[in-house]
1. Per DSSP helix of 4 or more residues, -39500 (n - 2.57); summed, then divided by the residues of the chain. What does that give at 222 nm, rounded to the nearest 500?
2. Go through region 415-460 and name the trypsin sites (Lys or Arg not before Pro) that are in a DSSP coil and have 15 or fewer other Cβ atoms within 10 Å of their Cβ.
3. Using the Kirkwood radius over C-alpha pairs as Rh, can you work out the diffusion coefficient of region 456-613 via Stokes-Einstein at 20 °C, viscosity 1.002 mPa s, in µm² per second?
4. Using alpha-carbon positions, what is the distance between the centroids of region 501-554 and region 642-693, in Å?
5. Given Cα positions, please report Rg to Rh for region 258-317, the hydrodynamic radius being the Kirkwood one.
6. Report, ordered by chain and residue number, the aspartates and glutamates lying within cross-link reach of residue 420, taken as a straight Cα distance under 15 Å and ignoring same-chain residues fewer than 8 apart.
7. Using the 2.2 N^0.38 Å rule of thumb for compact globular proteins, work out how region 732-771 stacks up: its C-alpha Rg over that value, please.
8. Going by amide H atoms built from the backbone, whose H comes under 5 Å of the H on residue 425, apart from near neighbours?
Amino acid sequence: MCKEEVVMSINSLGQLYFEHLQTPLKQRTTREKEENASIDTSQENQEDLGLWEEKFAEFVDVKVNGPASIGLDFSLHGFEHLYGIPQHAESHRLKNTSDEDVYRLYNLDVYGYKIHEKMGIYGSVPYLLAHKLGRTVGIFWLNSSETLVEINTEPAVKYTLTQMDPEAAKQKGSSRTDVHWMSESGIIDVFLLTGPTPSDVFKQYSSLTGTQAMPPLFSLGYHQCRWNYEDEQDVKAVDAGFDKHDIPYDVIWLDIEHTKGKRYFTWDKKRFPNPQRMQELLRNKKRKLVVISDPHIKIDPDYSVYAKAKEQGFFVKNHKGEDFEGICWPGLSSYLDFTNPKVREWYSGLFAFSVYQGSTDILYIWNDMNEPSVFRGPEKTMQKNAIHHGNWEHRELHNIYGFYQQKATAEGLIQRSKGKERPFVLTRSFFAGSQKYGAVWTGDNRAEWSYLKISIPMLLTLSITGISFCGADVGGFIGNPEAELLVRWYQAGAYQPFFRGHATINSKRREPWLFGKEHTRLIREAIRERYALLPYWYSLFYRAHMTSEPIMRPLWVEFPDELETFGMEDEYMLGSALLVHPVTEPKATVVDVFLPGSSEVWYDSKTFASWEGACTVNIPVTLDTIPVFQRGGSVVPIKRVIGKSTGWMTDSPYGLRVALSTKGSAVGELYLDDGHSFQYLHQKQFLHRKFCFCSGVLSNSCADERGHYPSKCVVEQIFVLGLKKQPSSVTTHSSDGKDQPVAFTYCARTSTLSLEKLSLNVGTDWEVHIK
């Protein structure tokens with residue numbers, strides 16, 4: 001109960017369940033026969049069906065410890081809107097499962113997964129949020145075995161609640177949703193988060209699982225990937241193509257073909273004879289390289305990684321105690337047991353420059369196939385009776401396997417720099433807490449409009465469950481996107497946290513300049529918009545890192561008292577300042593955008609046209625249009641000059657978009673540091689500035705006195721949106737007492753004040769007075 005209100009009831013339906021330790025039927029009957037007991041085992045045989053042994057096609061799952069399932073139900077009083085439990089290619093709001101399939105949490109390699117399905121795909125976070133007017137709550141079911149979740153928003157059993165929870169039953173007329181968690185194994189380990197606000201629930205959850213890692217700045221730029229760039233010349237040509245077409249990008253990626261026969265930590269010497277020289281060419285352009293490293297290790301005694309892991313007993317075992325063997329990209333492989341701390345420590349050491357020959361400090365890592373994927377295994381994964389460190393069966397740990405690989409990889413990248421540099425690691429498989437180690441993406445999607453559309457609710461669900469650094473393959477991994485779809489996907493991806501174009505090996509090449517001049521221009525503009533907003537993105541990541549606030553937010557998070565927002569999933573907030581409504585339909589000429597908040601005002605980010613909130617507006621769109629709106633009352637920092645990559649923009653000038661609220665005020669912030677090291681954390685080398693507009697004065701002041709970081713950057717341009725009348729004068733006031741008049745222009749049609757050619761240092765206090 002919270003303030004005499006029953007929020008949650010536990011076991012209202014009496015579905016608490018756990019197994020006791022049992023003896024296998026054969027042992028029981030043998031013992032009883034030896035004791036000359038006369039028994040009828042027919043009923044027992046029926047009861048034991050599937051409890052000790054199950055068959056799936058040609059696979060037999062022998063449960064040496066017997067049945068071990070657990071379950072518990074929770075009744076959420078007054079709640080009809082539930083969210084969370086990724087990963088599913090489904091709506092953001094969870095659906096009633098009383099007449100449908102239940103939600104399954106079981107990490108699987110699903111190539112071209114179906115959409116609007118509740119079956120498990122690459123990752124699992126057993127964490128659910130419920131929201132209603134006045135309260136948000138959460139349930140974190142800490143279990144890494146296969147888990148099913150039933151949701152009933154129309155509870156059929158009402159008398160049980162009265163019998164078991166009389167106080168809850170007194171709340172007549174209140175809706176209720178029942179949630180039933182069932183896991184194949186483990187213990188009942190559950191955390192109830194009582195809010196009451198969305199922000200409170202995010203903090204409560206992050207206190208258990210951690211906040212989003214602070215990423216290196218380059219990783220917020222654009223990433224170019226495909227399976228596979230063929231050789232060093234291909235990498236060089238693609239890199240040059242971006243420069244030729246004036247398109248910024250930060251990272252080029254290499255898939256499995258860069259290795260010697262799919263042996264990770266090696267290079268194909270024919271294709272990549274001098275990987276260090278290739279990386280130096282990228283370094284000279286202030287760009288990075290990402291290569292893939294999967295958990296399966298090719299069985300080859302002459303492959304040093306395999307030989308050393310074999311010698312030390314570092315592989316997962318089969319139920320007979322032998323090294324588990326399965327088929328994956330290299331052919332017959334064994335799988336590293338990342339649940340073993342010694343294996344993780346050893347694996348982290350493989351990233352040392354002296355060990356990983358050909359690697360440099362601009363090389364980062366992509367963990368793929370770590371569900372784990374086993375091509376000829378049951379459901380394309382590892383048998384549940386495989387054995388891990390500590391004699392734990394795989395069934396107990398399945399959903400956390402990939403989490404541990406990403407953890408070991410991130411720690412390896414930190415160790416190779418002697419603890420100085422932030423890692424970047426992308427993982428396909430994930431679990432609760434994966435946000436501490438890097439980024440996640442939605443896996444092998446298709447080049448179809450429906451997959452572009454479903455990516456939005458998928459990313460929103462990841463975001464509210466702690467994993468803010470998330471994205472979907474731009475253009476769709478499988479297939480060949482038409483030009484319009486590709487443009488729209490770049491436009492959407494530019495406003496999502498992880499921004500990477502990717503394609504499978506048998507798809508046509510689709511670098512941004514291969515679809516004609518007009519489409520190249522549109523893709524260039526979308527990517528450049530991303531780079532212009534990098535100061536805002538980086539500030540959002542710092543806030544997520546420090547406070548657990550999601551970066552990509554469903555509208556109900558920012559507007560928790562507006563019922564209209566509770567089911568919306570085609571638009572979202574980027575931080576608290578920007579509302580984004582990607583175009584996800586072909587040949588669209590208009591989109592209906594809901595602008596929330598009866599006391600809010602919203603500004604088109606390009607035209608500066610304004611609308612009052614709490615209404616739906618029809619926005620005409622062409623292929624140029626990315627519907628983005630800035631919220632009145634916010635200040636958004638941008639970069640004025642776009643470079644070839646983030647590294648070229650370190651000292652480039654800033655601009656400020658000051659969007660006034662209906663009360664004529666606005667606030668915003670800017671966070672900056674060196675963009676790559678842990679100095680912000682250990683030495684407090686950072687700047688955190690606060691911008692505030694009130695009563696005609698825009699001020700820049702320190703938001704955190706602990707930080708200090710020298711910056712040459714200046715604010716060169718300021719737009720003030722929603723200024724109702726033309727000012728008579730504009731003056732800057734510096735901290736040393738100097739005043740300086742400023743030339744300005746004012747547009748009465750859009751009520752916009754423009755200040756150009758300023759030189760206000762971003763790291764010092766100053767004011768701009770508008771009279």
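Nothing in this text is a laboratory measurement; each read-out follows from the coordinates by a stated rule. Everything numeric here is computed off the predicted structure, so don't read it as measured data. We place every Cβ from the backbone using ideal geometry, glycine too, and count neighbours over all the protein chains shown.
1. Working: 17 runs with 165 residues, N = 771.
Taken over the chain, the calculation gives -6000 deg cm²/dmol.
2. On the way: sites: 416, 418, 420, 428, 436, 446, 453; in loops: 418, 420, 428.
Listed in order of number, the matching sites are 418, 420.
3. On the way: Rh = 16.8 Å.
Here the translational diffusion coefficient equals 128 µm²/s.
4. Region 501-554 and region 642-693 have Cα centres spaced 19 Å from each other.
5. Details: Rg = 14.5 Å, Rh = 13.3 Å.
Ratio value, two decimals: 1.09.
6. Output for residue 420: 361, 411, 673, 674.
7. Working: Rg = 11.8 Å, N = 40, 2.2 N^0.38 = 8.9 Å.
Computed over Cα atoms of region 732-771, the ratio equals 1.32.
8. 439
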